[in-house]
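Structure, as structure tokens:
The values are calculated or read from the model by the stated rules, or taken from the named source; none is laboratory data. What you see is a predicted model; the values in this text were computed from it and never measured. Here the Cβ positions follow ideal geometry from the backbone for every residue, glycine too, while neighbour counts run over all protein chains shown.
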Amino acid sequence: MIPDLKMCLIYKNTKAVFTANINSVFDICWYTLSRFIATNSGSLDLDLSINTEDFRSTHIGVCRGCGRYMEMKSNRQLYCKRDDCQRDRNRRKQKDFQKRKRENAN
């Protein structure tokens, strides 16, 4: 039922990004729906009688830093294990901390 989405390579800041070719609001809706289905499809087929380790290994998420799919160890996990994503996470966390610290000092 979902129409075919055309994918293309776009070059941004010397990086190649594989993304959907969006031409209308309907394309955005279909693309969002298909990403939601693809991201959450592992959790739809779960047998609830399995142990905790198997349950965790079936959850897949999208890394906020690099946009790649990752195996989620927690439902709060936002970044994958890659070093550059962890540096990005720490950088954002430190920036937010410094911002809160300045706001509380005023």
Which one is nearest to the chain's Cα centre (by Cα) among residues in the range 1-39 that are of a type in the set (G, A, S) and surrounded by 10 or more Cβ atoms within 10 Å (Cβ to Cβ)?
A38
Scanning the range 13-67 for residues that are at pLDDT below 60 and in a loop (DSSP other than H, G, I, E, B) gives D45, L46, D47, L48, S49, I50, N51
Starting from the range 1-27, take each residue that is under 17 Å from I37 (Cα atoms) and in the same structural domain as I37 (by TED's automatic domain parsing) and list its partners that are of a type in the set (A, V, I, L, M) and assigned to a loop (DSSP other than H, G, I, E, B), counting only C-beta distances under 9 angstrom and pairs at least six apart or across chains.
L5/I22; A20/L5; D27/L5
If M70 meets every condition in (1) hydrophobic (A, V, I, L, M, F, W, C); (2) surrounded by 13 or more Cβ atoms within 10 Å (Cβ to Cβ); (3) modelled with pLDDT under 75 apart from one, which number is that one?
(3)
